[in-house]
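Quick notes on the structure that follows.
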Amino acid sequence: MKLNSHYETPMKQMQFTIHRYVFKPTLLGVVLTLICIPLFIKFGLWQYNKAQQKQAIQSAYQSAESSKAQDFPVQLSANEALNIEQWNYKRVKVTGHYETQYQFLLDNKVEMNQAGYHVITPFKIASTSQYVLINRGWIAGKASHAELPEFATPAGQHTLTGQIWIPSKKIFTLENKTDNSIPKAWKPVWQNMDMVQYQKMVPLTVSPFAIKLDSGNQTGGFLRNWQVPADRITTHIGYAYQWFGFALASLLIFLYMSISRLPKQNV
């Protein structure tokens, strides 16, 4: 009983009577409400901001798809080097030739409910010593995952068009990354597009950008169904509404528990 009086005594002065109803919150109720409502609103705003960011990405992606291809930025200015994200999804063109020595397959890519790979091939940019990784699209895997699919890579000089893709640095992997030396036998399958690791492992000057080939008639391309999924936008919006709903529910519960109706004889 002492515990109840400990919470209720400081709140005795916080009591308001309106007509036949009395507002008499407990200290515990006030504290929980003051913690929960701002916390839930913060989570809701976080999800809403993520939805806005993804919407901006999708708009930039769709805008770049229909824009004229720019020359690939072989030499970045100091400002561009600091803000490479501004190049993400830009449509570019580049001339050079494929080199397959450090080519690899990006695993766990699904098209039409069939497992497969994205083919990632280094592309030597003409008149420079720089390479850029080209995502040539999707190819189907074989029945046995231990058996790799066969595919051709065209020789000679070509001009390619596509959209710049900046691989994420936030990668979850169980692979051992302590050995950064070039392997004796090149690893043909990667679980993640780890650009930093790739740049350390190959004796090439590799651009921090990669290029996803346009879906048109591109030399050396495979199935290219590039999409920025919109369903995540609606998912984040849904989560935001949920958190805002929790905040409103907390307020309503607090009011319900704090307001009581007076007996008629006390009116």
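Looking at (1) within 23 Å of the chain's Cα centre (by Cα); (2) farther than 18 Å from residue 194 by Cβ; (3) at pLDDT 95 or above, can you tell me which one residue 132 breaks?
So residue 132 meets the others, but not (2).
When the residues of the range 122-167 are filtered to those that are part of a strand (DSSP E or B) and of a type in the set (A, V, I, L, M), which remaining residue is farthest from residue 68 (Cα to Cα)?
140
Residue-wise test of (1) out of contact with any helix residue (DSSP H, G or I) (no Cβ under 6 Å at 6 or more places or on another chain); (2) in a helix (DSSP H, G or I); (3) modelled with pLDDT under 85; (4) not acidic (Asp, Glu).
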position: 30; (1), (2), (3), (4): yes, yes, no, yes
position: 35; (1), (2), (3), (4): yes, yes, no, yes
position: 44; (1), (2), (3), (4): no, yes, no, yes
position: 49; (1), (2), (3), (4): yes, yes, no, yes
position: 57; (1), (2), (3), (4): yes, yes, yes, yes
position: 61; (1), (2), (3), (4): yes, yes, yes, yes
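Does residue 242 count as polar (S, T, N, Q), surrounded by fewer than 18 Cβ atoms within 10 Å (Cβ to Cβ) and at pLDDT 95 or above?
So residue 242 passes the test.
Any residue at all in the range 110-121 that's in the same structural domain as residue 243 (by TED's automatic domain parsing) and either modelled with pLDDT under 90 or aromatic (Phe, Trp, Tyr) (or both)?
Of all residues in the range 110-121, those in the same structural domain as residue 243 (by TED's automatic domain parsing) come to none.
Scanning the range 110-121, I find no residue that is in the same structural domain as residue 243 (by TED's automatic domain parsing) and either modelled with pLDDT under 90 or aromatic (Phe, Trp, Tyr) (or both), so the answer is no.
Tell me which residues, restricted to the range 32-71, are under 30 Å from residue 132 (Cα atoms), surrounded by 17 or more Cβ atoms within 10 Å (Cβ to Cβ) and more than 24 Å from the chain's Cα centre (by Cα).
If the condition is that a residue be under 30 Å from residue 132 (Cα atoms), surrounded by 17 or more Cβ atoms within 10 Å (Cβ to Cβ) and more than 24 Å from the chain's Cα centre (by Cα), then 69 is the only one that fits.
For the range 130-169, name all the residues that are in contact with a helix residue (DSSP H, G or I) (Cβ under 8 Å, 6 or more places away or on another chain) and of a type in the set (Gly, Ala, Ser).
Scanning the range 130-169 gives no hits.
Is it the case that the range 78-89 has a residue that's closer than 20 Å to residue 186 by Cα, buried (at least 20 other Cβ atoms within 10 Å of the Cβ) and not aliphatic (A, V, I, L, M)?
no
The values are calculated or read from the model by the stated rules, or taken from the named source; none is laboratory data. Treat the numbers as computed from the prediction; the structure is a model and nothing was measured. Positions of Cβ are generated from backbone atoms using ideal geometry, with glycine treated the same way; all protein chains shown enter the neighbour counts.
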